[in-house]
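Derivation of every value follows stated rules applied to the coordinates shown; laboratory data play no part. Every value quoted in this text rests on a predicted model; they were computed, and no experiment measured them. Here the Cβ positions follow ideal geometry from the backbone for every residue, glycine too, while neighbour counts run over all protein chains shown.
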Number of protein chains: 2
Amino acid sequence: MLPAGSYSSPALALVVQKFGGTSVGSIDRIRNVARRAIAAQKAGNDVVVIVSAMSGETNRLLGLAHEASKLPEAREMDVIASTGEQVSAALTAMAIHAEGGQARSLLGHQVKILTDGAFTKARIKTIEGSKIFSTLKKGQIAVVAGFQGVDEHGDITTLGRGGSDTTAVAVAAAIGADACEIYTDVDGVYTTDPNICPSARKINRISYEEMLELASLGAKVLQIRSVEIAMKYGVPVHVRTSFSDAEGTWVTGEDKSLEDVVVAGVAYDKNEARVHVVGVDDKPGVVAELFGSMAEKNFSVDMIIQNVSKTAQDRADVTFTLAKTDLARAKPAIEEVAKRLGSNEVRYDEEVVKVSIVGLGMRSHAGIAARMFRILAEEGINIQAISTSEIKVSCLIHAKYTELAVRALHDGFGLSKEASA
Amino acid sequence: MLPAGSYSSPALALVVQKFGGTSVGSIDRIRNVARRAIAAQKAGNDVVVIVSAMSGETNRLLGLAHEASKLPEAREMDVIASTGEQVSAALTAMAIHAEGGQARSLLGHQVKILTDGAFTKARIKTIEGSKIFSTLKKGQIAVVAGFQGVDEHGDITTLGRGGSDTTAVAVAAAIGADACEIYTDVDGVYTTDPNICPSARKINRISYEEMLELASLGAKVLQIRSVEIAMKYGVPVHVRTSFSDAEGTWVTGEDKSLEDVVVAGVAYDKNEARVHVVGVDDKPGVVAELFGSMAEKNFSVDMIIQNVSKTAQDRADVTFTLAKTDLARAKPAIEEVAKRLGSNEVRYDEEVVKVSIVGLGMRSHAGIAARMFRILAEEGINIQAISTSEIKVSCLIHAKYTELAVRALHDGFGLSKEASA
């Protein structure tokens, strides 16, 4: 069923297909999903389909909830939100029948997908495979509602936005599927955002580690949690479009074919805000106290720079970034601890963006970071902060340079179509 | 909480309140439901709320299903249809919180309401009370999704249209509630349809038996199945409007206060069709074969008349009625068996209506049927068939006389406002 491509598919026996909100956005599209699942079954596979809510439906439901209560409780939010996937699972099962196949919808509590009790952002603990297997054994396609689970009390939980990806990969891991296909409205993972870099190329194959970095750095194709699970259990994930049979991007473990690539992709994240705490006491423990306080309140701090203050002696300035979406809530805490540490000024800058390059090859190639800095410098782009990991280098720059920086890095590291041709 | 009325309410401790689709038809109305439930709780009651889907929602969902498949499977229909009540249960719980109360939604599989496996028209087998009790014990209002249950395999089932009434009464029976309040868009049960008889009166109190007859004869206030359960378990049911605090109609067991009434109400049923099988063999067993064949195919036959044929010797004519909605499907079976019994003609008449009078008092008052026939005769209305039970007399008449007959009977048996004043 998996079309042969540059990466030759093994003969599959058990496949999970996940369809996002756009792919089930209308009854016509649900029929396409049905035909695709039936085709996969006819090709000799056992097929499990995971569906999201029809596009727009989750927002409609959450809108109703917010109309009913300004602060709707998380438990009841999940009861409402989970109906979106419940409806599309049943509609998909019906459409499969209408197209001449056999199917059975399964909800989170029926499968069952056991999660912790963190409503609206629950994490999967275990998945029972027996109901899925008994469905497959009858020759039926199992259509599982994505995004939802049930906690130990039998209360309905949801996994957070994009949670259907996580359901798909976790189900694939639990039943030992040979592949997990993620059908979406783009045709794969790109070397960078094609909207700002027309020479971006679709990646045929990428490692879990690289995908994880790209996802955390703003690439929106796969939910981070789903990549983590795929990596942990070694589930081959195939990201592809539901609008054609074209081969997409395989996300898999490392192997020889991946070794040549130094930089796999360029990402950018606009959800960064820079915080500049001026003139704290320059003594041991100050930074620990600042970031301990942030961690305590669950604010995730990213890039950190500490340097001797330009404005006063025995003083230091601390700069760090955190999510723009957290900034408003974090400000009181930042200012409280800054005051305590002797600072009398905190500056904020939301006009920043983090551009990153990601690639397994960095581990064995020296000078990649230096090359990145040089490329940015050549475009006259000032670097405000830097952070690195084993397979990633990130630079904080002024937001106005976003597109310029991304295109320059994409070209500079040989990722553009022309370069690879 | 129950306002004192002509029927004095006992001091209640545990009350079930059911709100239909119109009563939860918008967020504003759901807020009213929330306030009413909180008021009932503040008055010292433990409160269980049962909700239907928001009006229009069930039709929207079934529309989607029929778009996905011309013959959607019953199992998947129930998965979809049950989301309507799931959403309103959670919205109601949220609204109760927003109004300062405490609540928790409970779905059919959470309660749990165990049914048989007859999808789209399941019957309740057992209801576990423990989750409801543990919710009440925490001082919370339990908001139970109506209409839905779960079968022994954990598959979602629904109870058929109007099934939320059944959920309410069955839950009330299971937890030993002191009363089950059915909130609806009318203010109680009327002596007849006020739309065709302006002098119809609201009934303050009616017996289960009478309510059951009225419900089967076309009065749409309560679902028949819910009255059966209320009668079986002796649950006092209070049918009332959700738009005011006015006392509605109590449906209860017989007691002295009910004895005086000879006729409690006048009903009419337009869903009758008359079938006239001409010239069957006039020998024993013929009628048995005809109606045995109808029963086998699950067509419910109502009034039956057999008489010597006017057209041929040794022949008999058989007339009976069945539901208009069954007629098209029943015709082939009727004609097949009619032929076998020697008949060469079957006539159908859909221009008929069944008018009925219902009252416990008939058991001890002679001559009620005769009085009914006289009243109709005085209006020049021909009676085509008659059926009686211990507490009911029904006459089949031409449909054009419906309003005339209902008004004449309503007046003739002293049910009109003026008469009772």
Per-residue average of Cβ from other chains inside 10 Å of B:153-160: 2
Nearest-ten-degree value, helix A:224-233 long axis tilted from longest Cα axis of chain A: 70
Theoretical FRET efficiency, 1/(1+(r/R0)^6), r = Cβ-Cβ of A:Ser130 and A:Lys232, R0 22 Å, to 0.05: 0.50
Fluctuation leader among B:Leu322, B:Leu360, B:Leu106 - chain B, Gaussian network, Cα springs under 10 angstrom: B:Leu322
Nonlocal amide H pairs with B:Val49, under 5 Å, H built at 1.01 Å: B:Gln17, B:Ala142, B:Val143, B:Val144
Pseudo-label separations to other copies for B:Val287 - Cα-to-Cβ vector, 7 Å, nm: 10.1
Ranked list, fewest to most other Cβ atoms within 10 Å of each Cβ, for A:Tyr348, B:Tyr183: A:Tyr348, B:Tyr183
For B:Glu350, inter-copy label distances in nm, listed shortest first [label point 7 Å out on the Cα-Cβ vector]: 6.5
Amide proton proximity set for A:Ile182, modelled H, under 5 Å, gap of 5+: A:Lys18, A:His238, A:Val239, A:Arg240
Sequence ranges B:44-50, B:129-135, ranked by mean other-Cβ count within 10 angstrom, highest first: B:44-50, B:129-135
Fewest-first sequence of A:Arg29, B:Arg104, B:Arg274, B:Arg161 by Cβ atoms within 10 Å of each Cβ: B:Arg161, A:Arg29, B:Arg274, B:Arg104
Label-to-label distance, nm, for residues given as B:Lys42 and B:Lys339 (7 Å Cα→Cβ offset): 7.1
Full-extension gain in nm, A:Asp281 to A:Lys138, via 0.36 nm per residue minus C-alpha separation: 44.5 nm
Overall form of chain B per C-alpha gyration tensor (a/c, 1.5; a/b vs b/c): oblate
Rounded to 10°, Cα long-axis angle of helix A:163-175 versus longest principal axis of chain A: 60
A:Asp116-B:Ala118 pseudo-label distance in nm [points 7 Å out on the Cα-to-Cβ vector]: 4.6
Set of the stretch A:332-367 residues, backbone N closer than 20 Å to the point 7 Å along the Cα-Cβ line of A:Asp314: A:338-345
Exercise: per-residue mean of other protein chain Cβ atoms within 10 Å, B:104-114: 3
Using θ = phi - 60° and Karplus 6.51 cos²θ - 1.76 cosθ + 1.60, couplings along the stretch A:131-142 (whole Hz; Gly, Pro as x): 5, 5, 5, 5, 5, 5, 4, 7, x, 9, 8, 8
GNM flexibility winner over chain A from A:Gly162, A:Gly285, A:Gly84 (Cα, springs under 10 Å): A:Gly285
10 Å Cβ neighbours from other chains, averaged over peptide B:74-86: 5
Over chain A: helical MRE at 222 nm, DSSP H runs n ≥ 4 each giving -39500 (n - 2.57), nearest 500: -11000 deg cm²/dmol
Residue closest to axis [chain A; rotation mapping onto B; Cβ; Å]: A:Thr83, 2
Using θ = phi - 60° and Karplus 6.51 cos²θ - 1.76 cosθ + 1.60, couplings along the stretch B:39-50 (whole Hz; Gly, Pro as x): 4, 5, 5, 5, 6, x, 9, 7, 10, 10, 10, 10
Simple label model, 7 Å out from Cα along Cβ direction - A:Glu378 to A:His66, nm: 4.6
The stretch B:289-361-the stretch A:61-83 distance, computed between alpha-carbon centres (Å): 53
Teacher prompt: B:Lys138 distances to equivalent labels in other copies, 7 Å Cα→Cβ, nm: 3.5
Neighbour-count ranking [beta-carbon atoms within 10 angstrom, fewest first] of A:His153, B:His410, A:His97: A:His153, A:His97, B:His410
Modelled FRET efficiency - R0 25 Å, B:Ala366 with B:Ala288, Cβ distances, 0.05 increments: 0.20
Rounded to whole Hz, the Karplus (6.51, -1.76, 1.60) HN-Hα couplings of the stretch A:271-285, x for glycine and proline: 8, 10, 10, 9, 10, 10, 9, 8, x, 7, 4, 8, 9, x, x
